[in-house]
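This report refers to the structure that appears directly beneath it.
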Amino acid sequence: MEQTAAEKITAAEQKPSIYTLQLHELKNWLKDNNEKAFRAEQIFDWLYTKRVTSFDEMTNLSKGLRDSLSANFSLTTLKTIIQQESSDGTIKFLFELHDGYSIETVLMRHDYGNSVCVTTQVGCRIGCTFCASTLGGLKRNLEAGEIVAQVVKVQQALDETNERVSSVVIMGIGEPFDNYDSMLSFLKIINHDKGLNIGARHITVSTSGIIPKIYKFADENMQINFAISLHAPNTEIRSRLMPINRAYKLPDLMDSIRYYINKTGRRVSFEYGLFGGVNDQVEHAEELAKLIKNVKCHVNLIPVNYVPERDYVRTPKDQIFAFEKTLKKHGINVTIRREHGHDIDAACGQLRAKERKEETR
Ligand code: SAH
């Protein structure tokens, strides 16, 4: 028999994070504990609007309920180890989890608002050859609450200056589609109007291309932004850069993306990292244009972030522009990613790799 959320929680050794529960799950827990379901909305208000840091501050709940919440759930899901601000306003957080592992979260400031980049796993098992997050493999999945708490923590930091998190990107450490259920709960909680109330169109999830989950995600029909780490114009180069391409092949990946677009009516984004001498020539741009011809999409060119353990080199500026121009010539929507927090190791996995060497070995 399938376990209910509450049973799963009692089974867990560690007190689960209160942020793991969706509103209806919290209602069920309350009912099971002889409390009124409407208390769930009050608790959500304390968690996501008032953003308190202890159950004792939830003063419209009885002392009994507050005690029972704190006996069953944790509200101190993440401990801030490092909070580093860059000259461009980017803030990088290194958080410690209850079992001592650490994760990164980044706040980026854009002219359209503040965006938070969240982590979904401790490490990653996808093994992309250019990526710092995958050094040392996957340690464990994050619980939904550990992902939600990242946004809450950043919002609490912004509360000091009366600013708001306006968008969320699931582009930190880990492969979100390899931790699908927690990712989905996370999306539902931050999107809920009683939760953090971040609009679907202000949320982006990115995958390295786990095809069965792309179909599943298409069927959820959530109106969130969807990005795919493509990084190559053909099978040969993609398999070299991303071993996942051997299991989930490029033509099948493109089919799943077409399915997604048909099903949701939304366009997708392709992330294309430019790795010097590997995939960054004009001929690659021509090939890419053919591959994504007639696919409703946008291409985001990412100048490679230097990772000391990896030996990729950056593409010269004029060549990046030539690549962009070639795509434009074919009528493809394209932008070059602006870089944030260069002076504070803000690219995925870099701070964790540097600070916690033992975890990434
Ligand atoms: N695992 C998901 C989410 C990570 S998003 C995914 O693969 O999509 C982070 C993005 O940055 C991905 O597109 C990833 O491929 C890219 N990336 C990772 N390391 C990089 C590097 N050194 N230089 C440029 N882009 C990199």
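Read the figures in this text as sums done on the coordinates, not as results from a lab. Bear in mind that the values here come from a model prediction, so they are computed numbers and not experimental data. Counting neighbours? That spans all protein chains shown, and the Cβs are built from the backbone with ideal geometry, glycine included.
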Q: Starting from the Cα-Cα distance between Arg164 and Glu286, subtract it from 0.36 nm times their residue separation and give me the gain in nm to one decimal.
A: 39.8 nm
Q. What does the charge add up to near Asp252, with Lys and Arg as +1, Asp and Glu as -1, over the other residues with Cβ less than 14 Å from its Cβ?
A. +4
Q) Would you list Thr76, Thr120, Thr326 from fewest to most Cβ contacts within 10 Å? A) Thr76, Thr326, Thr120
Q) Just the Cα atoms of region 22-72: what Rg and Dmax do they give in Å? A) 10.0, 26
(Q) At 222 nm, what value in deg cm²/dmol follows for the chain if DSSP H runs of at least 4 each add -39500 (n - 2.57) and the sum is divided by all its residues, to the nearest 500? (A) -10000 deg cm²/dmol
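Give me the compactness ratio for the chain, meaning the Cα radius of gyration over 2.2 N^0.38 Å. Provide the component values of the computation, followed by the final result.
Working: Rg = 21.0 Å, N = 361, 2.2 N^0.38 = 20.6 Å.
Taking N as the residue count of the chain, the ratio is 1.02.
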Q | If the convex hull is drawn through the Cα atoms of region 263-324, its volume per residue in Å³ | A | 96
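Suppose every Lys and Arg Cβ carries +1 and every Asp and Glu Cβ carries -1, with no other charges. What dipole size does region 22-72 come out with about its Cα centre, to the nearest 20 debye? Spell out each step's value before the answer.
Numbers: 8 positive and 8 negative charges, 18 e Å.
Result for region 22-72 is approximately 80 debye, rounded to the nearest 20.
Within region 239-275, report the chymotrypsin sites (Phe, Trp or Tyr not before Pro) that DSSP leaves as loop and that have at most 11 other Cβ atoms within 10 Å.
Values: sites: Tyr248, Tyr259, Tyr260, Phe270, Tyr272, Phe275; in loops: Tyr248, Phe275.
Qualifying residues, ordered by number: none.
Mind putting a number on the dipole of region 80-360 about its Cα centre? Charges go on the C-beta only, +1 for Lys and Arg and -1 for Asp and Glu, and I need it in Debye to the nearest 20. Each step should come with its number before you reach the end.
Numbers: 35 positive and 35 negative charges, 197 e Å.
Dipole magnitude for region 80-360 comes out near 940 debye.
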Q | For region 132-273, alpha-carbon Rg over 2.2 N^0.38 Å | A | 1.10
Q) By how many nm would the segment from Thr80 to Lys296 grow when fully extended, if each residue of separation counts as 0.36 nm and the alpha-carbon distance is taken off? A) 73.7 nm
Q) Given His98, Asn300, Met108, which one lies farthest toward the positive end of the charge dipole of the chain, if we put +1 on the Cβ of every Lys and Arg and -1 on the Cβ of every Asp and Glu? A) Asn300
